[in-house]
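The next block holds one structure in the form of structure tokens; read it before the comments.
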Amino acid sequence: MDDLLEREAELAALETAVSEAVGGRGRTLLLGGEAGIGKTSLLAALRGRLEGRVAFFVGACELLSVPVPLAPVRELVEAAGGTDVAWEAEDRLTTARDVVAALRPHLPLVAVVEDVHWADPSTLDVLRLLARRVEDRAIVLIVTYRSDEVGANPALQGLLGDWASRPSVQRLSLRPLSAAAVRKLAEPTGLDARRLAEVTGGNPFLVAEVVAVGEALPGSVRDATLARVGRLGAEARVAVAGAAVVGRRLDPSLLEDLCPRGGQAVEEAIAHGVMVAEGGALGFRHELIREAIEDSISPARRADLHRRVYAALAGSPNPADNARLAHHAEAGELHEEAARHAALASAEAERVGALRETSLQAERALRLGTSLGAVDRFELLLRQSRAANFASARLEDGAEPAEAALALAVELEDATLEGRALLASASALWSLDRVAEAQEAVERAIELLEPGEDVAALARAHAALARMQATALDPRRAVAGGRRALELAASAGLAETRIDVEISVGLALGHAGDRKGLELLTEASREAREASLAIQTVRSYVNRVFVAAALREHEAVDAAAAEARAFLDDHQATIPSHAVEIFRARSLLDRGRWEEALGLAAHRDRRWAAETPMARTIEGLIGARRGDPGLASRLDEAWREVAPLPEGSRHATIGVALAEAAWLRGDGPAAQAHLQRGLRSPVTRRFARPAAEVALWGSRLGLQVSPPEGAPEPVVLELGGDWRGAIAAWRRLGAPYEAALAALPADDRAAAEAVATLRRLGAEAAAGAFTRHRVALGRRSPRGPRRSTLANSAGLTRREQEVLVLLAGGATNPAIAESLHLSPRTVDHHVSAILAKLGAGNRTAAVEQGRRRGLLAET
């Protein structure tokens with residue numbers, strides 16, 4: 001098809017993007033459509049129009065049994081003449097920066113990555129980061145994909161979803177040709193245009209193939225393509241069959257090896273529009289042509305061609321990627337050769353962080369390598385387990401190879417191998433929430449590795465145990481065991497393991513209520529980022545926000561969360577990002593900013609994994625304090641989620657929340673039952689914050705308790721009977737709700753102030769429970785604010801109520817001032833007071849709160 005029909009709008013959009021990029025405003029364009037819809041032709045037209053004005057580089061994904069990790073990005077860099085790229089960096093951000101640096105000398109430029117429906121996850125990770133980095137550079141990044149094949153690539157689905165809301169990403173979807181366009185193309189052939197449009201669906205490639213043949217209408221793309229190929233001579237047909245097996249592009253010398261008179265055959269294929277010459281390489285005019293030709297080859301002949309391709313590639317002075325060699329060897333039924341190259345490809349993939357490909361290539365090597373030695377098989381099983389534990393959607397995929405490796409190590413009677421296999425098994429079991437078995441496996445691994453000489457394996461085993469102890473088992477043991485792990489990591493020169501242990505120790509100290517833990521985590525974040533250790537950086541940020549929230553260091557929470565969000569967003573670390581939001585929500589709850597806390601916690605469509613129960617706990621506490629039974633029921637949901645799991649800090653946290661909720665609704669026996677369970681538990685005492693909260697509520701409900709180790713100052717003061725000191729200390733920590741409850745045994749004036757505070761927070765159920773509790777103690781019922789203020793449940797004055805009504809109507813501050821005959825400054829003060837009393841972060845949230853509490857029932 002010589003003319004590009006009905007693509008002027010898309011071509012204009014591409015040219016506009018290039019013009020803006022030349023001015024320094026780069027963007028990413030997603031070019032989607034079914035196979036044969038004209039994506040390649042559109043880009044060829046764009047390249048022709050830009051020739052001599054803008055550099056144009058292309059990388060393409062290929063349909064291999066297991067993709068070559070980062071292949072299309074490497075192709076882009078090679079086309080730009082770049083060499084200094086950290087492909088093996090654990091942090092993809094470093095790789096993306098290096099890619100941009102390699103492209104920089106050629107600005108302005110268009111960088112195209114074709115057929116990302118076949119892309120490996122590592123390639124998609126780099127593209128995600130590149131899309132951010134082209135925004136302020138003279139670069140247009142064009143990504144093409146078959147829209148009908150996106151569903152087969154979950155990683156691509158996720159990327160397209162992430163890009164949907166980015167202003168700098170533009171989506172272009174190519175439509176089939178209209179009946180008029182098909183008629184114009186069919187005119188020279190005498191074909192029935194209406195019937196041609198029906199049969200082809202307006203697909204430009206299929207229309208062009210039918211028109212080129214000019215005979216009866218074919219039934220499919222394959223039929224149309226083979227009709228064109230059928231016009232070639234015998235040698236040309238042999239050549240294109242060999243080329244189709246090789247892949248999308250090939251070196252002409254390779255075709256000479258496959259076909260003795262390949263040169264002449266290629267000329268004929270090019271003349272008939274089957275193949276094209278692209279620079280120094282050969283390719284097919286369209287990938288659909290290659291696919292149709294390859295599919296038409298008989299299985300026996302195809303296997304023979306793959307064997308010949310493998311021999312030619314393996315014997316080349318510049319051997320192909322091991323992933324490509326493994327692909328052709330397996331397709332050619334050369335199983336031992338395939339296993340050898342797959343093992344090498346698996347190791348290469350692991351070095352560049354391509355975990356899915358690591359696992360798939362290891363599986364291929366194990367499946368085909370019947371002559372693999374026992375130790376080689378063991379190492380492949382461990383590599384497969386490590387990769388699958390992070391990359392597989394099925395968590396059991398990490399456990400099964402670890403179990404096979406363990407059985408092989410026992411058979412070999414090798415204690416070091418057995419210890420390493422147990423360590424891999426422990427990681428997989430931990431991911432499956434089989435905590436006790438994971439702990440048993442890692443402790444047995446340490447026992448086996450201690451007498452040996454593999455210091456690195458022993459260091460990693462101690463690091464794994466410290467991580468488990470700090471996260472869910474016993475923080476004090478994590479601190480003690482961390483010292484040994486740090487010594488071993490230093491001895492083995494394992495910076496990554498050392499930082500990992502420092503994170504575990506920092507978390508453990510935080511659990512113990514020690515602020516040194518926050519300092520250690522802050523330093524670990526810095527070290528991990530400087531070393532480009534993505535996993536350790538993510539882990540340090542998540543635990544840093546958690547510890548800051550647990551210590552009520554609210555400024556540290558906000559600073560760490562802001563820093564973490566930028567990094568996690570760049571790396572699309574979705575679940576860690578949600579965990580950070582939940583820990584920040586806990587901090588906002590402590591600060592009395594309940595609407596903001598709910599905004600972070602109450603998204604039902606998110607997956608938080610282990611943090612889901614904590615999100616529900618935050619919602620439930622706010623609901624219980626407000627007297628909202630529906631929201632309060634989230635506490636029961638949270639408990640049901642953790643109850644079957646081995647006891648940890650979450651059980652104590654949710655248990656004390658259930659006790660508070662029972663007190664709020666006047667069910668003293670239930671509250672005491674929850675607290676007694678926490679007080680009896682040895683696990684509760686290991687975690688400072690929940691232990692302090694259990695002790696505090698136990699004391700409030702008349703139980704004899706002592707301040708637990710690591711308890712914060714206001715808890716110690718309250719347990720010691722110093723309510724004045726406790727109120728002041730809670731206020732210094734920015735905890736208005738706790739400061740109010742500390743006044744339960746206080747004098748009448750302090751009690752009245754406490755009730756006013758609870759009502760300003762919207763904690764109507766808490767205000768009622770406070771009064772009941774005081775009366776039960778024989779104290780006077782506290783007087784609240786004056787009658788005009790008590791006219792509504794939020795403690796708003798009459799004037800503030802009037803302002804709220806006008807806010808609900810959408811009035812601005814100047815409009816409110818004019819309506820109520822007030823000064824703008826007075827209105828500003830009223831609005832600020834309303835936000836504070838309703839616990840709202842903005843005007844919209846205040847109106848929502850007003851409606852929820854019935855303050856706007858008549859508006």
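The values are calculated or read from the model by the stated rules, or taken from the named source; none is laboratory data. On a predicted model such as this, the values are computed, not experimentally measured, just so you know. Neighbour counts are summed over all protein chains in view; Cβ atoms, including those assigned to glycine, are modelled from backbone coordinates with ideal geometry. Surface accessibility is based on the protein's heavy atoms, side chains included, excluding ligands, DNA and RNA. Shrake-Rupley method; radii C 1.70, N 1.55, O 1.52, S 1.80 Å.
For a test of the definition: using alpha carbon positions, the gyration tensor, and the 1.5 limit on a/c, classify the stretch 68-141 as rounded, prolate or oblate. Since a/c stays below 1.5, the shape of the stretch 68-141 is classed as rounded. In percent, rounded to a whole number, the relative contact order of the stretch 467-600 is 17, using alpha-carbon pairs under 8 Å and six or more apart. Taking all protein chains as they are arranged and a probe of 1.4 Å, the heavy atoms of I446 leave approximately 20 Å² accessible to solvent. Rounded to the nearest Å, what's the spacing between the alpha carbon centres of the stretch 480-530 and the stretch 805-859? Just the number, please. Centre-to-centre distance over Cα atoms comes out at 48 Å. When only Cα pairs below 8 angstrom with a gap of at least 6 residues are kept, the chain shows a relative contact order of 6 percent. Charge dipole (Cα centre; +1 on Lys/Arg Cβ, -1 on Asp/Glu Cβ; no other charges) of the stretch 634-713 amounts to roughly 120 debye.
When the stretch 120-186 is described by a simple charge dipole with +1 on each Lys and Arg Cβ and -1 on each Asp and Glu Cβ, the residue from A131, P154, A179 located farthest towards its positive end is A179. Net charge dipole, the stretch 344-408: roughly 100 debye, given to the nearest 20, about the Cα centre with Cβ charges of +1 for Lys and Arg and -1 for Asp and Glu.
A simple spin-label model places the labels of F390 and A480 3.2 nm from each other, with each point 7 Å out along Cα-to-Cβ.
Set the Förster radius R0 to 45 Å, insert the Cβ-Cβ distance between A281 and E530 as r into 1/(1 + (r/R0)^6), and round the FRET efficiency to 0.05.
0.65
What does the C-alpha gyration tensor say about the overall shape of the chain? Classify as rounded when a/c is under 1.5, otherwise prolate if a/b is larger than b/c, or oblate. Verdict is oblate for the chain. Rounded to the nearest 20 debye, the dipole magnitude of the chain is 4280 debye, with +1 charges on Lys and Arg beta carbons, -1 on Asp and Glu beta carbons, and the Cα centre as origin.
The lysines within cross-link reach of K39, meaning a Cα-to-Cα straight distance under 29 Å and a gap of 8 or more places when in the same chain, are K184. Take the Cα of T83, go 7 Å toward its beta carbon, and the backbone nitrogen atoms of the stretch 295-333 under 19 Å from that spot belong to 318-319. Taking the charge dipole of the chain about its Cα centre, with +1 at Lys and Arg Cβ atoms and -1 at Asp and Glu Cβ atoms, the residue from V207, L804, V110 reaching farthest to the positive side is L804.
A full extension of the chain between E440 and T826 corresponds to an added length of 132.4 nm, given 0.36 nm per residue minus the alpha carbon distance. Applying 0.36 nm per residue to the separation of E267 and A728 and subtracting their alpha-carbon distance, the gain on full extension is 157.1 nm.
Where in the stretch 19-39 is the amide nitrogen less than 13 Å from a point lying 7 Å along the Cα-to-Cβ axis of D148? So the set is 33-38.
Look at the Cα gyration tensor of the stretch 283-382: its axes a ≥ b ≥ c give a/c of at least 1.5 with a/b over b/c, and that counts as prolate.
Ordering G26, A96, A60 by Cα displacement along the dipole of the stretch 1-144 toward the positive end leaves G26 in first place; charges were set at the Cβ atoms of Lys, Arg (+1) and Asp, Glu (-1).
Our note on the geometry: Cα centres of the stretch 272-296 and the stretch 1-53, 22 Å apart. With all protein chains in place and ligands, DNA and RNA left out, the 1.4 Å accessible area ranks S819, S633 as S819, S633, largest first.
Take the Cα of S168, step 7 Å along the line toward its Cβ, and report every residue of the stretch 80-119 whose backbone nitrogen sits under 19 Å from that point. 92-113, by backbone N distance to the label point. Fully extending the segment from E563 to Q704 would add 46.5 nm, taking 0.36 nm per residue of separation and subtracting the current Cα-Cα distance. If each DSSP helix of 4+ residues adds -39,500 (n - 2.57) and the sum is divided by the residues in the chain, what number results at 222 nm, nearest 500 deg cm²/dmol? After summing the helix terms and dividing by the residues of the chain, the value is -20500 deg cm²/dmol.
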